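To start, the structure itself, in structure tokens.
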Amino acid sequence: MPEFEIYLSEFVVAEASQGNAEAAERRMSVLVDISKLKVTETVRELSKILVSEGPIPAGAEIDAYHIAVAAVNGMDYLLTWNCKHIANAVIRPKVEAVCRDHGFEPPTICTPQELMGG
């Protein structure tokens, strides 16, 4: 089985802290020792472009931030269970094109199950 280094962003932390307090506490306890990616002005700019150029709809800006932080920080993979705006076969090629058009190699976007082979 392949081994991976795991990173997250402040956006993951923010989402994990929401919802049922007990469940959020459990999620947060797992995230505490995971290295955090930098959110720079470049990340903010790319996330805005992902929305303005159309692959990510307005109202789903947090999804654009997940993609941008992974691309700008050079991540190989972006794991998500969000199949509406991120791990979506129709949206993914458009996201990849926008990232490349703006000088970033996009991460491979997939669900954890896809990465681990089923």
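The values are calculated or read from the model by the stated rules, or taken from the named source; none is laboratory data. Since the model is a prediction, treat every value here as computed from it, not as a measurement. Quick reminder, even Gly has a Cβ in these numbers, built from the backbone with ideal geometry, and neighbours come from all protein chains shown.
Summary table
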item	result
Selected residue (criterion: farthest from residue 43 (Cα to Cα)) from residues of region 4-25 that are part of a loop (DSSP other than H, G, I, E, B) and free of Cβ contacts under 8 Å to residues at least 24 places away in the same chain	20
Selection from region 60-90 of residues that are aliphatic (A, V, I, L, M) and either within 15 Å of residue 114 (Cβ to Cβ) or surrounded by 24 or more Cβ atoms within 10 Å (Cβ to Cβ) (or both)	64, 67, 68, 69, 70, 71, 78, 79, 86, 87, 89
Qualifying residue in region 98-106 (condition: modelled with pLDDT of 95 or more, closer than 21 Å to residue 8 by Cβ and surrounded by fewer than 16 Cβ atoms within 10 Å (Cβ to Cβ))	yes
Single match in 76, 33 (criterion: closer than 20 Å to residue 4 by Cα and without any contact (Cβ under 8 Å) to a residue 12 or more places away in the chain)	33
Filter pass, residue 32 being within 15 Å of residue 9 (Cβ to Cβ) and at pLDDT below 95	yes
Where residue 43 falls short, out of the listed (1) in contact with a Leu (Cβ under 7 Å, 6 or more places away or on another chain); (2) under 22 Å from residue 99 (Cβ atoms)	(1)
